[in-house]
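Below: the structure, in structure tokens.
The values are calculated or read from the model by the stated rules, or taken from the named source; none is laboratory data. Just so it is clear, the model here is predicted, and its values are computed rather than measured. Neighbour counts are summed over all protein chains in view; Cβ atoms, including those assigned to glycine, are modelled from backbone coordinates with ideal geometry.
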Amino acid sequence: MRVKYRIRKKYFDDSGLCVIHTQTAAARFWSQSRTGAWCMPGRSWRRRPAVSSAPGHTAGGLSVLWREKKLLFVGDAANFFVWLFTRESTGRQSYLNMLDKIDALPVDAYLGGHSPRPMTHEDLALFRRAALEADYSRGEPFSTFLDQDRHPRICPLAGYGPEDMFLPGYAAVVIAEDFLQKNCEVKK
């Protein structure tokens, strides 16, 4: 990896992800880049993960890129069954932008917070499709402890029901009625 440019003791590689290269950075632990990516110092240049914003499930979602293993830890940001109905959730366009952003990264697998297996680029395409096809009027009521006043509904891909959530090819979003109108766009 070669350093492309430097801003105030923060170094950026060709992809725009921040890489910390100073001993003083360890005291700060996290450091923000000009592109919104976050970095965590490590012991060697090659072992530094890059942390980047991943809004969707929540506006403050993060992902961690482990370059050497070609893995992206996405937490709750992307999953076969993602909640997009809470007050902290962003709208459809933010979620789709985040999926596009992480899909473009040079990784072989994505590790989600609730996924029973590593996810692939094909899985991200299913998540995208589920968000695009989500229709509140056709969704099934979803019971949860959180934000029940928003009357969430689960919207799986056509041909699947909520009971199919562990079958191959399944993807769903849980949305509120304002999912399409919600304007919580986060800058890339």
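Filtered by the rule that a residue be under 24 Å from Phe166 (Cα atoms), out of contact with any Asp or Glu (no Cβ under 6 Å at 6 or more places or on another chain) and assigned to a loop (DSSP other than H, G, I, E, B), region 62-111 gives Asp76, Ala77, Ala78, Asn79, Phe80, Leu84, Phe85, Ser89, Val107, Asp108. Would you check if Leu124 is touching a residue at least 40 places away in the same chain (Cβ under 8 Å), under 20 Å from Ser52 (Cα atoms) and in contact with a Gly (Cβ under 9 Å, 6 or more places away or on another chain)? Spelling it out, it is not the case that Leu124 is touching a residue at least 40 places away in the same chain (Cβ under 8 Å), under 20 Å from Ser52 (Cα atoms) and in contact with a Gly (Cβ under 9 Å, 6 or more places away or on another chain).
Considering only region 136-178, state which residues are part of a strand (DSSP E or B) and within 27 Å of Glu122 (Cα to Cα). Let's see the steps before the verdict.
Step one: list which residues in region 136-178 are part of a strand (DSSP E or B), which gives 140-141, 153-156, 172-175.
Hits for region 136-178 are Glu140, Arg153, Ile154, Cys155, Pro156, Ala172, Val173, Val174, Ile175.
Candidates Tyr136, Tyr160, Tyr170: the one that is touching a Lys or Arg at 6+ places or on another chain (Cβ under 9 Å), of a type in the set (Ser, Thr, Tyr), on the phi < 0 side of the Ramachandran plot and surrounded by 13 or more Cβ atoms within 10 Å (Cβ to Cβ) is Tyr136.
Within region 84-109, being over 13 Å from Ala54 (Cα atoms), of a type outside the set (A, V, I, L, M) and modelled with pLDDT of 90 or more holds for Pro106, Asp108.
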